[in-house]
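Since every read-out is calculated from the coordinates, none of them should be taken as a lab result. The shown structure was predicted, so the numbers you read here are calculated from the model rather than taken from an experiment. Note that each Cβ is placed from the backbone with ideal geometry, even for glycine, and that neighbours are counted across all protein chains shown.
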Ligand SMILES: Cc1ncc(COP(=O)(O)O)c(C=O)c1O
């Protein structure tokens with residue numbers, strides 16, 4: 001016989017199991033086995049596309065000042081940052097939504113399609129966060145193969161069906177690191193039917209050859225179905241502060257805000273002030289982009305000598321073919337405290353984030369041992 005107390009305990013347990021379901025998180029896939037102390041001084045984290053130069057001195061100073069105001073809700077600072085971003089991108093502040101990292105924007109869009117039982121089109125491989133959230137909420141996902149590591153816009157266009165509710169375009173693309181031609185992407189966005197949302201994820205745009213010139217933000221006023229997402233986690237060096245944003249027309253922004261559990265207050269005063277300070281610090285951004293270019297060339301030079309093919313990176317990571325490398329290179333480097341990425345779908349490739357110049361020399365020295373001659 002089950003008494004009332006046991007019954008309540010059992011149902012609570014059952015409901016917590018239901019809440020816990022849902023598969024692997026991005027963090028669990030990306031961070032590999034838990035045993036390694038990846039935060040120790042010696043661990044080389046070339047697996048998260050972090051910026052080794054952040055946070056900037058200007059951000060640190062702003063954070064110290066902001067600490068004194070942590071007793072206040074951040075509403076006024078949210079508005080200030082939105083104004084600042086809107087001015088920078090020639091938009092109105094109600095066309096901008098702030099989130100705790102752009103992950104939140106991707107999850108909200110994925111959930112939106114899932115709850116409408118719709119379909120997401122995604123060039124593949126690409127950044128999986130949106131489809132993970134979408135699938136969990138009921139979305140179907142259709143993957144469109146890349147063409148030589150680059151998004152094939154023609155094939156994506158052909159794949160659109162009456163079920164398609166959202167197209168995810170990561171530009172530059174993670175994990176393949178390539179960027180699209182701006183004119184091609186503009187014409188693609190203009191041709192997609194206006195009842196299909198397009199999310200252009202520009203997490204790495206600052207690193208691209210054309211810099212922010214390659215952005216689709218100038219189309220936001222023209223196209224009602226376009227959502228751009230950006231982050232302060234990469235070139236701005238603030239990944240640990242969790243701050244990102246969406247830009248779109250006011251109808252879409254209002255819809256996203258209505259679904260956002262944090263009411264647009266999920267980034268606190270400290271990250272918000274750090275973001276504002278870093279936005280004004282062009283010298284820091286330029287430095288990070290230039291050092292990243294130099295770090296990339298250390299790896300390119302070595303890979304070229306070893307005959308390892310790479311794609312043309314517009315980002316702070318390199319996507320390389322792995323046939324000429326020991327197939328256990330990821331695990332072997334891990335044992336040397338060097339972390340690189342191989343997602344389950346990346347059968348023939350590895351992805352290496354760019355650290356400091358010394359970091360990249362350490363990576364090259366270690367990787368050399370695993371080249372198959
Ligand atoms: C393409 C892309 N989009 C979004 C994100 C999420 O970044 P965050 O939530 O830190 O803004 C990442 C993180 O690696 C990414 O690579």
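FRET efficiency for the pair residue 184 and residue 371, taken as 1/(1 + (r/R0)^6) with r the Cβ-Cβ distance and R0 = 30 Å, rounds to 0.25. Using a simple spin-label model with pseudo-atoms 7 Å out from Cα toward Cβ, residue 64 and residue 358 lie 2.3 nm apart. Each peptide in 127-134, 219-226 receives the mean, over its residues, of other Cβ atoms within 10 Å, and ordering these scores from highest gives 127-134, 219-226.
Here the calculated FRET efficiency for residue 254 and residue 323, from their Cβ-Cβ distance with R0 = 56 Å, stands at 0.70, rounded to the nearest 0.05. Mean residue ellipticity at 222 nm, helices only, the chain: -12500 deg cm²/dmol; runs of at least 4 DSSP H residues each add -39,500 (n - 2.57), and the sum is divided by the number of residues. Note on region 174-255: antiparallel DSSP beta bridges, both residues inside, total approximately 50 percent of the bridges counted. Entry note, the chain: relative contact order of 22 percent, from Cα contacts under 8 Å with a spacing of 6+ residues.
DSSP beta bridges fully contained in the chain are about 45 percent antiparallel. The stretch between residue 335 and residue 213 holds 39.8 nm of extra length on full extension. This uses 0.36 nm per residue minus the Cα-Cα distance. Considering only the Cα atoms of region 58-279, their convex hull presents on average a projected area of 11.3 nm². Tally the DSSP beta bridges in region 58-279 and give the antiparallel ones as a percent, rounded to 5. Just about 35 percent of them are antiparallel. The label point for residue 195 and the one for residue 280, both projected 7 Å from the Cα toward the Cβ, are 4.8 nm apart.
Here the Debye sum runs over all C-alpha atoms of the chain as equal scatterers in vacuum, and log10 of I(q)/I(0) at q = 0.07, 0.09, 0.11 Å⁻¹ comes out as -0.33, -0.54, -0.80. Starting from the Cα of residue 289, step 7 Å toward the Cβ, then list every residue of region 173-209 with an amide N under 12 Å from that point. Residues passing the 12 Å test: 205-209.
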